[in-house]
Amino acid sequence: MQPFALDLDMSLGAYELGVLIAYILFGIAIMQTYVYFMRFTRDSRLLRALVAFVGICEVGHTLCIGDILYRFSVVAYGQPTALISAPTSFIFSVLLTAIISACVQGFFAHRIYIYSRHLLVPSICTVLISLYVTSTIAAFALSIHNVTFRGFTTQWQWLITTSFAIGIANDVLITGTLMYLFARDRECSGSGRRQAAVNRLLKWTLESGLLNSIFAILKFVCFLTMKDNFIVLAVYIIEAKVNANSLLASLNGRHLPPSFRTSSRNLAPVSPQNVNLHGLGTLDSSTTDSDVEKRFRPTGNAALPPVLSVSSTSTAAAAGPNGIKTTSSCGCNGHQLPSLNSIEHDPIGKGVGANKESM
């Protein structure tokens, strides 16, 4: 076996820097978790349980990487060769990282289904998640019998490489699909609140999804090119925190800025009394039929516009004044657009995550 070339700067130093960044991200994740549970009290129990489970895994992962650092820098102080051995806490941190990544990828895969109502991509993501978790569990079981980092990575390089490649493929597939769906909806949504909501989703996906993909690719490259240092370990422990924060940021990002604040409880159904007749005015619920006739009765030779439409997710047509039908926008190029309420408040299609604040 090739001797392990030890460089403290690139081994212990790199790992300590990774732990420092991971702890900062863990603090941000804890804050985001608190904000989520305080703000979105109406989310489904399944979604809240997912967030709680990811939070528990994050705590366990943080304890594991802290134990590794303590053993490397305190217990093994003055014994550089002790860094060759892989502590048991490292093995468990690998398992927790896989669980966190699987939960986050599963959430976004389900979000693809809710948004597109097609099973192809979510099914592929589910298969990739299963393969990723299975390969990681296999690596977890096999690593118990290997006492050194180099011994395990050399003997089971194909398994680790396969696991990393599957994770990259899934991250890229999820990010690319979500960006495609949101960009498509952006072209069809026109202007107003729907376009603003879609723009926010596109921005969040670009930021969080690309960050997850970048860390997954960076981890893969470091593993293939730098086996004699701990840079890959530093990237690996940071990746778990990035994944958790991307999930929490996506959920907490549903809190709308003041200019877009609304609640699903205030979304009135489509009817002649609340239809915005582009440029002609807005009919509120207190408007009577006689008021409608007076306000919108043609004068002289004036004619009403040939088409009056509303931006709504309802597929039913409502009869407007003078017998003119007002139809809702049901999609672009034949595909059905999701409701604005589901875009802003319902990321998994069950329950509405209403903000406790007045929106």
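The values are calculated or read from the model by the stated rules, or taken from the named source; none is laboratory data. Remember, predicted model here, so these are calculated numbers, not experimental data. As a convention, Cβ positions derive from the backbone with ideal geometry for all residues, glycine included, and neighbour counts pool all protein chains shown.
Side notes on the structure shown:
- Qualifying position, being in contact with a helix residue (DSSP H, G or I) (Cβ under 9 Å, 6 or more places away or on another chain) and surrounded by 24 or more Cβ atoms within 10 Å (Cβ to Cβ), among Ala249, Ala234: Ala234
- Some residue of the range 181-191 being surrounded by 22 or more Cβ atoms within 10 Å (Cβ to Cβ), in the same structural domain as Thr162 (by TED's automatic domain parsing) and closer than 26 Å to Ile65 by Cα: no
- Scanning the range 162-192 for residues that are in contact with a Phe, Trp or Tyr (Cβ under 7 Å, 6 or more places away or on another chain) and of a type in the set (S, T, N, Q) yields Ser163, Asn170.
This table checks each residue for (1) charged (D, E, K, R); (2) closer than 20 Å to Ala216 by Cβ; (3) in contact (Cβ under 8 Å) with a residue 60 or more places away in the chain; (4) touching a Pro at 6+ places or on another chain (Cβ under 6 Å).
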position	(1), (2), (3), (4)
Ala22	no, yes, yes, no
Phe37	no, no, no, no
Leu47	no, no, yes, no
Val51	no, no, yes, no
Leu69	no, no, no, no
Leu83	no, no, yes, no
Leu96	no, yes, yes, no
Ile99	no, yes, no, no
Ala102	no, yes, no, no
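- In the range 65-99, the residues that are part of a helix (DSSP H, G or I) and among the hydroxyl-bearing types (Ser, Thr, Tyr): Tyr70, Ser73, Thr81, Thr88, Ser89, Ser93, Thr97
- Against the numbered list (1) exposed (fewer than 14 other Cβ atoms within 10 Å of the Cβ); (2) within 19 Å of Val242 (Cα to Cα); (3) not polar (S, T, N, Q), Leu46 comes up short only at (2).
- Candidate set from the range 107-122 (those that are aliphatic (A, V, I, L, M) and in contact with a helix residue (DSSP H, G or I) (Cβ under 6 Å, 6 or more places away or on another chain)); member that is surrounded by the fewest Cβ atoms within 10 Å (Cβ to Cβ): Val121
- Test for Ser11: is it more than 24 Å from the chain's Cα centre (by Cα) and crowded, with 20+ Cβ neighbours inside 10 Å: yes
- Out of Arg150, Arg193, sole residue that is among the charged types (D, E, K, R), within 20 Å of Leu233 (Cβ to Cβ) and at pLDDT below 80: Arg150
- Exactly one residue out of Ala102, Ala109, Ala29, Ala49 is in a helix (DSSP H, G or I), over 27 Å from Asp228 (Cα atoms) and in contact with an Asp or Glu (Cβ under 7 Å, 6 or more places away or on another chain): that is Ala29.
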